[in-house]
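Read-outs: derived from the displayed coordinates by stated rules, not from any lab. No experiment lies behind these values; they were computed from the predicted model shown. All Cβ positions, even for glycine, are placed from backbone atoms using ideal geometry, and neighbour counts span all protein chains on display.
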Amino acid sequence: MSFKESFNVNGENLLKKIKEIIAEGNVRKIIISDKAGKEILSFPVTIGVVGVVLLPIFAAVGALAALLTECTITVERSDSSKEHDQNDTPPPTENPNTPTDI
């Protein structure tokens, strides 16, 4: 399950805010829109995506920051607590056919 949250930022703080959001973790996707709501850039953020892979995206965001005076960042996050519960496996049970006394 996922949820979205939005942040309004000015162009000069755009790259800084995106780096902060990625550092927080549990981010699936980031969408950057202009003040009219038109989507300018959208990119997925997956677990394990680090530095070198993000450099071209950061360059594009930096170029956008020079052009935009105000924009909205929409962040799609995964609900990590629910995903964690779904991924928990129950403890192993003893096989009744296996003798326990040796």
Could you sort 12-22, 30-40 so that the peptide with the highest average Cβ count within 10 Å comes first and the rest follow in order?
12-22, 30-40
At 0.36 nm per residue, minus the direct Cα-Cα distance, what do I31 and N8 gain on full extension? Give it in nm, one decimal, please.
7.1 nm
At 7 Å along Cα-to-Cβ for each site, give me the label-to-label distance between E20 and M1 in nm.
2.8
